[in-house]
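Since the structure comes first, as structure tokens, the remarks are kept for the end.
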Amino acid sequence: MKLLECVLTFRERLMLAWQLTWPAVVCDFLWSFTVRIMIEARSPGVEALYLVPYLLGIAPWLVRRMFRLSYPGFRLRTLEDGHEIPMGYTESFKVMWLLSWRTSVLMLVALLVVSLAGGLVHLQLASLVPSSTEAPFLNEVGLSIFENGAALFLMPLVMPGMFNKKYQGFRVAAVRAKSRK
């Protein structure tokens, strides 16, 4: 099945996902610390202010960073008409968007399964975490760690689609490094 075929192993795709998720957790932590601890903002919607700059700036930058890094055994490339081009903002935004929405769909399915399983054993998930009014900082950081931790293991499942998709004007590829003999 072409959709699931990929040059990279699951472990290599997990390494790529790690390059996207650990900085996201750090950024989330810094934002939450600044807003909830330093400024002591208590408004429940203040965490949403971070989403716009994250979506439009930080996440595309993380994708470009992932493509610039060196990896053992392979190299990520952005191609236009078969020729390598530097990944710009538009390309990184399109790649980020594809990875985000596809990972979110898997995350919702996983959450539904966990919720149904929790309902079968009468587990009240809300009782396991502090409420956002009692401990907003811990709540936000915990949510970030849970969400990005789940994405770390779900994103490698959607990465073959990133390599197989023909974006408008470009495509991305993982090229195996030639072994030296």
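The values are calculated or read from the model by the stated rules, or taken from the named source; none is laboratory data. In this text the structure is predicted, and so the values were computed from the model without any measurement. Using ideal geometry, Cβ is built from the backbone for each residue, glycine included, and neighbour counts are taken over all protein chains shown. Note: areas computed on protein heavy atoms with side chains; ligands, DNA, RNA excluded. Shrake-Rupley method; radii C 1.70, N 1.55, O 1.52, S 1.80 Å.
The count of lysine pairs in the chain with alpha-carbon distances below 21 Å, taking only pairs 8 or more places apart or on different chains, stands at 5. Charge dipole of segment 33-102 (Cα centre as origin; +1 on each Lys and Arg Cβ, -1 on each Asp and Glu Cβ, all else neutral): 200 debye, rounded to the nearest 20.
3J(HN,Hα) along segment 84-96: 6, 10, x, 6, x, 4, 4, 5, 5, 5, 5, 5, 4 Hz, from the Karplus curve 6.51 cos²θ - 1.76 cosθ + 1.60 with θ = phi - 60°, whole Hz, x for Gly and Pro. The 3J(HN,Hα) values that the Karplus relation (6.51, -1.76, 1.60; θ = phi - 60°) gives for segment 10-21 are, in residue order, 4, 4, 5, 5, 5, 5, 5, 4, 4, 5, 8, 8 Hz. Gly and Pro appear as x. Each Lys or Arg adds one and each Asp or Glu takes one away; over the other residues whose Cβ falls under 12 Å from the Cβ of F67, this sums to +3. Ignoring ligands, DNA and RNA, what percent of the accessible area of the chain is carbon or sulfur (1.4 Å)? C and S fraction of accessible area: 68 percent.
Distant-in-sequence amide contacts of F74, defined by a placed amide H-H separation under 5 Å and a gap of 5 or more residues or a different chain, comprise A177. When restricted to Cα atoms, the chain yields an Rg and a Dmax of 18.7, 62 Å, respectively.
Axis angle, to the nearest 10 degrees, between helix 59-68 and the longest C-alpha principal axis of the chain: 40 degrees. Placing unit charges on the Cβ atoms only, positive for Lys and Arg and negative for Asp and Glu, gives segment 1-73 a dipole magnitude near 200 debye about its Cα centre. Remark: the chain carries a charge dipole of roughly 1080 debye about the Cα centre, counting +1 on each Lys and Arg Cβ and -1 on each Asp and Glu Cβ.
In this structure segment 32-86 gives 62 Å² per residue of accessible area when probed at 1.4 Å with all protein chains present. Taking other residues whose beta carbon is less than 12 angstrom from the beta carbon of I58, and scoring Lys, Arg as +1 and Asp, Glu as -1, yields +1. Loop sites by DSSP among the GluC sites (Glu not before Pro) of the chain, restricted to those with at most 12 other Cβ atoms within 10 angstrom, leave 41-133 as the longest stretch without any of them. Across T78, T21, T90, mean-square fluctuation computed from a Gaussian network of the chain (C-alpha pairs under 10 Å connected) peaks at T90.
The H on the amide N of I85, modeled in the peptide plane, is under 5 Å from the matching H of T78, L79, E80, each at least 5 residues off or on a different chain.
Scalar couplings 3J(HN,Hα) for segment 153-162, obtained by applying the Karplus form with A = 6.51, B = -1.76, C = 1.60 to θ = phi - 60°, are 8, 8, 4, x, 6, 9, 5, x, x, 5 Hz; x denotes Gly and Pro.
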